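See below for the structure under consideration.
The values are calculated or read from the model by the stated rules, or taken from the named source; none is laboratory data. All values derive from a computational prediction rather than experimental measurement. Here the Cβ positions follow ideal geometry from the backbone for every residue, glycine too, while neighbour counts run over all protein chains shown. Quick note on the areas: whole protein, heavy atoms, side chains included, nothing else; ligands and nucleic acids left out. Shrake-Rupley method; radii C 1.70, N 1.55, O 1.52, S 1.80 Å.
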Amino acid sequence: MAPSPAELEAKADAELAANVVYFEDGTTEATKFGETSRVPVTIDQVPQTVVDGVLAAEHRSFYEDNAINPIGIARGVLFGGTQGGGSTITQQMARNYYDSLTTNETSAIDRAVRKFNEILIAFKVEQNLSKNQILEQYLNTIYFGRGIGVQAAAQGYFGKDVSELDAAEGAFIGTVIQQPGNFGTAVPGSEMYEILQERWEYTVKGLVEMNAEDPERGLTQEEADALEFPEPLPMENDDNYAGYRGYIQEAVRSEMEARYGLTPDQIARGGYTVTTSLNEQWMKYAEEVVEEQKAQTLNSSGQEIPAETQFGIATVDTATGEIKAFYGGPDPTQYANQSLVQRQQAGSAFKPYVLATALEQGISLKSTYDGDSPKEFPGLAQPVNNDSNRSYGPVDLIQSTKDSINTSYVQLAIEVGPQAVIDTALAAGIPEKQAETAEVGPNIALGTMSVAAVDQAGGFATFANGGYHMPQHMITKIVDTETGEELVPKDAEILEAGGRQAFGADTAADATYAMQQVITDNHNARLDDGRPMAGKTGTSNNAVSAWFVGFVPQYSTAVGLHRTDGQPLVLPGESSIYGGQMPSRLWKAYMTRVLEDVPAEEFPPPVYGGEVRNHAPTPSPEPSASEEPEEVESTPSTEPTQPATPSFTPPGQGNEPDCDVQWWLPECQDEDEPGGQEPGDPSGDDDDDDEEEPIRTGNGWGNNQIYYRDEE
């Protein structure tokens, strides 16, 4: 029943179609992409440099092996694909020809059936074709990121005929097969470009190993050492790839793979109609405010904002998780997406996740902490400072949030448990892989985790959505134009169910109320129409990144600035770098246009749930007389305290305290010690966060002194 080689050949020669992508109205075309033709070559036209490069990267023992690799398949099944794939080149060739093997698979059973069929076809192919014929068909039908087939790849990456590629370029061609969608668009200086270079080095190492086994193939160590990484040509910037259209194209490709399970080959062959949630006008607004800010800086200071400066802007619908707009950058051929791909430390814009964790654990907004600075904490090698080293004395969690006080928030993170804070952030919408960017320790409160603008927009949208997180997504519908079938995304059930609960509605209301206090009358992000809004600023160590994340009930928008070279931000005309300055101004300029026709809505009132705890020292110290950019007022709370019953407990938040860490809790005190008033119990809240954040080394916390700043 398996198709014959002739049937597979006919399948490969079928006409290819483009993918057409539409804005949210379903009729306005945003971009189109897909390979509409291929140029087959014979195996004799492919030089040994390319053949060796492909085999070194994908299947070094291709000529000796059978159609399938049982050990590889077992490894793939056992480890879920994390320890290397189980497909031989013969299997990959069969899969690429017979595209019904890789349709929209939504279950493990579908994937198992596809793999079983693939194995049977691979057996049949090997019975009918020689190794060279199999390799020829493979090279002519796989997707290389810049075209289908090796000839298109040679032209796309190096502007050469495949017969002209040298050993370094041949290794490159083999390298991109692993991640064609990512490697094909990787730009110099990006994380993906670094991964591409590392993968190329792996391929070159494979060439040496091949040569050691068979001197007729691969390269000697001396020849390999002489190779240099071949710089590919920049992507061609046609009308469909210019400006934000190119960034939309790459974002849609990525989501088609991640959410719908489509392979790069299927996407390249095209034939899909894609409807997105993107608002065309809002996309233009994002571009406009960035360009206006650049022009304003030049006019006022006489200097341009450095080209290395990256502007992240992303807007998410709080009720649906749909991405409504984003700023990708000025040129997709030179810069990775600045809002969806590039990430930097969140700084104090991460504190709302600490607050939500505390509220879920039954700690009231009215709980009191020590806001003095500097403060020492168990497990931290260096003291924690507030911005300008200001001391606030006893502060509640409302003022701690309003003024972004570091010492109180570090104390709070220790009390609730750093891992619980991370769990809350992930449940709210921060991608799980980002947890790897931060150590699990008290300094998580100071925003050590790296995030993209879309991550923060989605995370803060969870607060506006009553504690329910809707997965951030851009594609609302995909239809296979040949069959008329509408594809089903992997998160369909979550979206249909109204999202997943990250924390309770009471927690969301109280945290939102605290973030509303951040938006003072003179805050740079405050909207002129006076509508209710909430948000949080953040500035990381040495001003490497600066953030403002704000939301109204309907939409959440994150604005983040950083540099491609990882150096501190340099913004001409700015006396200092804070999230409350340029990021906040950009947020206001952008959201003023976005919300022009959006009616104002109210946030739910605070419930002041939880137990009021007192962790301030006795006697309370007087606040210092340090100079500050603006006068700080605490927010009085008069509502009655609610019972300490958390409405929902995210994963990782247990009920038993760890007294080795949470030594100040009443449960951890000896009977003769006054609970909650330990002399080493620091907490604080700062408006201009200079957050000092030691880096963990070994089993303790390191000696690096780091300040995070955050000006309201």
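Summarise the accessible area of the range 113-188 (1.4 Å probe, protein heavy atoms) by the percent that is carbon and sulfur. List each step's numbers first, then the result.
On the way: 1170 of 2450 Å².
Looking at the range 113-188 in its full context, I get 48 percent from C and S.
Just add up the charged neighbours of GLY504: K/R +1, D/E -1, any other residue whose Cβ is under 10 Å from the Cβ of GLY504.
Neighbour charge sum, excluding GLY504 itself: -3.
Give the separation of the Cα centroids, the range 146-183 to the range 416-483, in Å.
35 Å
Would you mind calculating the gained length between LYS490 and VAL612 on full extension (0.36 nm times residue separation, minus the Cα-Cα distance), in nm to one decimal? Intermediate results must be reported in sequence, preceding the final value.
Details: separation 122, 0.36 × 122 = 43.92 nm, distance 4.22 nm.
Roughly 39.7 nm would be gained on extension.
Applying a 10 Å radius around every beta-carbon, put 437-448, 400-411, 195-206, 572-583 in order of their mean neighbour count, most first.
On the way: 437-448: 24.7, 400-411: 32.3, 195-206: 18.6, 572-583: 21.3.
Descending mean neighbour count gives 400-411, 437-448, 572-583, 195-206.
Is any residue of the range 310-349 close enough, with backbone N under 13 Å, to a label point placed 7 angstrom from the Cα of SER301 along the Cα-Cβ axis, and if so, which?
Counting only backbone N, you get 310.
Return the inverse of the average 1/r over all pairs of distinct C-alpha atoms in the range 157-206, which is the Kirkwood hydrodynamic radius, in Å to one decimal. Display every interim value, and only then the final one.
Details: mean 1/r = 0.0891 Å⁻¹.
The answer is 11.2 Å.
Where the centre of each part is set by its Cα atoms, how far does the range 390-404 sit from the range 282-336, in angstrom?
Rounded to whole Å, the Cα centres lie 32 Å apart.
For the range 481-581, rounded, prolate or oblate, judged on the Cα gyration tensor with a ≥ b ≥ c (square roots of eigenvalues), a/c < 1.5 rounded, else prolate if a/b > b/c? Could you put the intermediate results ahead of the total?
On the way: a/c = 2.44, a/b = 1.48, b/c = 1.65.
The shape class here is oblate.
With a 1.4 Å probe and all protein chains left in place, how much accessible area per residue does the range 370-467 have, in Å²?
Result: 21 Å² per residue.
When the Kirkwood hydrodynamic radius is evaluated over all pairs of different C-alpha atoms of the range 448-503, what value in angstrom, to one decimal, is obtained?
Numbers: mean 1/r = 0.0764 Å⁻¹.
For the range 448-503, the Kirkwood estimate is 13.1 Å.
Mind checking the per residue accessible area of the range 508-613 for me, 1.4 Å probe, whole number of Å²? Don't jump to the answer; show the numbers that get you there.
On the way: 3520 Å² over 106 residues.
Value returned for the range 508-613: 33 Å² of accessible area per residue.
Cβ under 12 Å from GLY362's Cβ, GLY362 left aside: what net charge do those residues give with Lys, Arg +1 and Asp, Glu -1? Before the final figure, lay out each step's value.
On the way: positive: ARG613; negative: GLU360, GLU415, ASP506, ASP510, GLU611.
Cβ neighbours under 12 Å give a net charge of -4.
Any of LYS351/LYS588; LYS160/LYS433; LYS32/LYS536; LYS294/LYS324 with alpha carbons more than 31 Å apart? Name them for me.
Working: LYS351/LYS588 21 Å; LYS160/LYS433 38 Å; LYS32/LYS536 37 Å; LYS294/LYS324 24 Å.
Result: LYS160/LYS433; LYS32/LYS536 exceed 31 Å.
Across the range 250-256, in residue order, what do the Karplus-derived ³J(HN,Hα) couplings come to in whole Hz, using 6.51 cos²θ - 1.76 cosθ + 1.60 with θ = phi - 60° and x for Gly and Pro?
Calculated HN-Hα couplings, in order: 5, 5, 5, 4, 4, 6, 4 Hz.
I need the calculated FRET efficiency for the pair ALA258 and THR42, taking r as the beta carbon distance and R₀ as 41 Å, to the nearest 0.05.
Numbers: r = 36 Å, r/R0 = 0.88.
For ALA258 and THR42, the calculated efficiency is 0.70.
With r as the distance between the Cβ atoms of ASP161 and ARG593 and R0 = 60 Å, compute the FRET efficiency 1/(1 + (r/R0)^6) and round to 0.05.
Result of the calculation: an efficiency of 0.75.
What does the highest-first list of 487-495, 268-276 look like by mean Cβ count within 10 Å? Let's see the in-between values first.
Values: 487-495: 15.7, 268-276: 22.3.
Per-residue Cβ counts within 10 Å, averaged per peptide and sorted highest first, yield 268-276, 487-495.
Going by Cα centres, the range 514-578 and the range 189-209 are how many Å apart?
38 Å
Hull surface divided by four, with the convex hull built on the Cα atoms of the range 272-427: how many nm²?
Details: hull surface 54.8 nm².
With every direction weighted equally, the projected area is 13.7 nm².
Quickly rank 125-131, 351-357, 521-527 as a protection proxy: mean count of other C-beta atoms within 10 Å, highest first. Working shown, then result.
On the way: 125-131: 15.1, 351-357: 31.0, 521-527: 16.9.
Going by the mean number of other Cβ atoms within 10 Å, highest first, we get 351-357, 521-527, 125-131.
Carbon-plus-sulfur fraction of the accessible area of the range 242-346, 1.4 Å probe, in percent?
Details: 1450 of 3340 Å².
The C+S portion of the solvent-accessible surface of the range 242-346 is 43 percent.
With every protein chain present, what is the per residue accessible area of the range 153-263 (1.4 Å probe, Å²)?
Values: 5120 Å² over 111 residues.
In whole numbers, the range 153-263 has 46 Å² accessible per residue.
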